[in-house]
1. State all residues of the range B:255-292 that are surrounded by 19 or more Cβ atoms within 10 Å (Cβ to Cβ) and of a type in the set (Lys, Arg); if no residue qualifies, say none.
2. Can you pull out the residues in the range B:197-227 that are within 13 Å of the chain's Cα centre (by Cα), of a type outside the set (Ser, Thr, Tyr) and modelled with pLDDT of 95 or more?
3. Away from every other protein chain (no Cβ under 14 Å) and modelled with pLDDT of 95 or more, is that true of residue B:155?
4. Please state which one of A:42, A:24 is closer than 30 Å to residue A:222 by Cβ and touching an Asp or Glu at 6+ places or on another chain (Cβ under 8 Å).
5. Tell me the residue from B:310, B:303 that is at pLDDT 95 or above and either surrounded by 19 or more Cβ atoms within 10 Å (Cβ to Cβ) or hydroxyl-bearing (Ser, Thr, Tyr) (or both), please.
6. Only one of A:91, A:98 is of a type in the set (Phe, Trp, Tyr), surrounded by fewer than 19 Cβ atoms within 10 Å (Cβ to Cβ), away from chain B (no Cβ under 13 Å) and at negative phi. Can you tell me which?
7. Listed residues A:137, A:230; which is buried (at least 18 other Cβ atoms within 10 Å of the Cβ), under 14 Å from the mean Cα position of the chain (by Cα) and farther than 18 Å from residue A:244 by Cα?
8. Residues that are within 14 Å of chain B (Cβ to nearest Cβ): which strands (runs of 3 or more DSSP E) entirely in the range A:221-290 hold 1 or more of them?
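The values are calculated or read from the model by the stated rules, or taken from the named source; none is laboratory data. On a predicted model such as this, the values are computed, not experimentally measured, just so you know. Glycine gets a Cβ as well: all are built from the backbone with ideal geometry, and neighbour counts include every protein chain shown.
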Number of protein chains: 2
Amino acid sequence: MKIICNRSKLLERINIVLKAVSSKSTMPILSCLILEVNNDIKLITTDMELGIETVVEGEIIEPGRIALDAKFFSEIIRKLPDDVVTIETDYDYNATIYCGKSKFSIVGKAGDDFPSLPNISRNTSITLSQFALKEIIRQTVFSIAYDENNKIMTGELFEVENDVLKAVSLDGHRISIRKIMLNNSYPSIKVIVPGKTLIEVSKILSGNVDKFVNIYFTDKHMLFEFDNTIVTSRLIEGEYFKIAQMLSNDYETKLSVNKQELLSCIERASLLIRESDKNPLIINVNGDNMELKVSSKAGNMNEDVNVVKEGTDLVIGFNPKFLMDALRVIDDEFVDIYLINSKAPCFIKDKDENYIYLVLPVNIIVNN
Amino acid sequence: MKIICNRSKLLERINIVLKAVSSKSTMPILSCLILEVNNDIKLITTDMELGIETVVEGEIIEPGRIALDAKFFSEIIRKLPDDVVTIETDYDYNATIYCGKSKFSIVGKAGDDFPSLPNISRNTSITLSQFALKEIIRQTVFSIAYDENNKIMTGELFEVENDVLKAVSLDGHRISIRKIMLNNSYPSIKVIVPGKTLIEVSKILSGNVDKFVNIYFTDKHMLFEFDNTIVTSRLIEGEYFKIAQMLSNDYETKLSVNKQELLSCIERASLLIRESDKNPLIINVNGDNMELKVSSKAGNMNEDVNVVKEGTDLVIGFNPKFLMDALRVIDDEFVDIYLINSKAPCFIKDKDENYIYLVLPVNIIVNN
């Protein structure tokens, strides 16, 4: 095998496939990338859940295939001068890398034991902008659970209904729902995507509004196709939680607040709370006033937040992390918070329900 | 006690004193800062080796003194809105912090067990720019040893002779020497400054060319005075190594190379060397050619570097880290390297010997 390519472009492509290289696999071959040269120059990696295949621009002198330690190869390419890189392999799977006056020889492998990526039929698909996909992931993926005992919670529901894509994640304390409009109507799709897949795909996506992603679905897999790159992923099997019954449009109190002001105030308040103590953040809505309070071993804090209130007064307690996580991903300047009573879930949502963040309150002892 | 000050200015000052707060001291009081208000508002910290005292601009309503957990206090001030901060304490050492609509109450201590900073007489002193001090530290401190069995190696020699300040550090494999001209002549001074002191002082210094530092010396201590801040430090007792006899102006080979080109080449080569393997970087000077080579279990690399050579050919091996450390702190575009033979130390130095970096070679088996 012999190829010639530009060092920066090669490095950019290596950085993409590195996302599916597992550092702690028991199969040594999974720490390798496959450099496969036929009609094009391809880099391939997989951690058995996630697979990535991307095409490198370059000149093919001789086809071939080699497995190289992915991290080591990436470090070498990173340190090379920004010039033309020639990579040549011999029959013993030694790879020689020439760049400028520098010459590296490293030992590769045949890679016959490298698992092949699933062959996914491209029938059912949707298309959306890289920006939209990156946003919908950012705005929901923070509330997946990392509890491997409940596999379904470690994934996200991706549901397509006509021209709407809905993503849902939940972890037992909160639910995040985000809807976006697609440019076309599609047949119904309902799959559970591993959270890890979404996190890695999101890192690779440029986030460009004018660039598109095709997503293909089968029973057991999905495939993202964009920018000369293919990411395949297993789906999580099973039925997702029925969330419709957890949602409600009733409320007794509606609060409209400046998002950044509320977020900064909760961030300050949470300084007093140690993870182990679990002291709640108390929100006391009284007349036209909204007071946030925390009291812990470390000290206590209270602060008034400007609010436009509709409805009744109440006192309610929260784990401040859950409120902060939701507020951080909302781009609106003002947010509406809907409350029923101190035991019922709180909803942060916009008028059109493009986003809905449900957060369960925590029990507090109210002494007035 | 009651004071009023600007939140940003207070935070800037807290960040300075945090440098002497030890996270792993067995004396709980050392995790505190002292807020001492008399004629001015002072913050004081110490880890018993290093002490920092800095003045905060602000209005004094009532004098007093309190010890507050330094990290916790700094986190609170960091998260406050950028506004006026009022700090008030009561007789039980509770501190209340008001800022905007936010109110924090935290528990402090009397701080009677807080060790007082050494009282250092201000007789012997030198003055230099913050820039010069920061530079001389950066260009030498990397080669102190961290071996507590040889206390003297963990420090740096600071030697003043007439109008020259010389800093020296060494770790058994290399010596770094940097000289700077002072604006005045001073009586001779020779002290060993703890490396940690220099690292922390360097972080606090603004590096401004127009701002000055006064350094005072006594037998056991030194004191840095700048920007309303005082840093005191113990000195290391003992006699520093006699380095004059390790230096030499003889050479058989002189190489002039582009610093960045050489550094990049060594950085690439060192990718092949695992810390545990200790394979050397081999420099082969042959005719007008200088070749760098590495051969290890991971692979091998060779590269030619442009060089202007004077003298004889030779092959010599190095730990590449030591060459990289020295080259990284040299600001010159071209460097001169002086060599005698494959067993003798290598010198990287400028013509006026404002800097001298001695690096010992490693044994190599030359098979030609």
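1. Selection gives B:268 alone.
2. B:198, B:199, B:200, B:201, B:203, B:204, B:205
3. Judged against the criteria, residue B:155 is a match.
4. Working: A:24 fails: touching an Asp or Glu at 6+ places or on another chain (Cβ under 8 Å).
Only one candidate passes the filter, namely A:42.
5. Exactly one of B:310, B:303 is at pLDDT 95 or above and either surrounded by 19 or more Cβ atoms within 10 Å (Cβ to Cβ) or hydroxyl-bearing (Ser, Thr, Tyr) (or both), namely B:303.
6. Among A:91, A:98, only A:91 is of a type in the set (Phe, Trp, Tyr), surrounded by fewer than 19 Cβ atoms within 10 Å (Cβ to Cβ), away from chain B (no Cβ under 13 Å) and at negative phi.
7. Details: A:230 fails: under 14 Å from the mean Cα position of the chain (by Cα).
Step by step, each of A:137, A:230 is checked, and only A:137 is buried (at least 18 other Cβ atoms within 10 Å of the Cβ), under 14 Å from the mean Cα position of the chain (by Cα) and farther than 18 Å from residue A:244 by Cα.
8. Filter on the range A:221-290 gives A:253-258, A:281-286.
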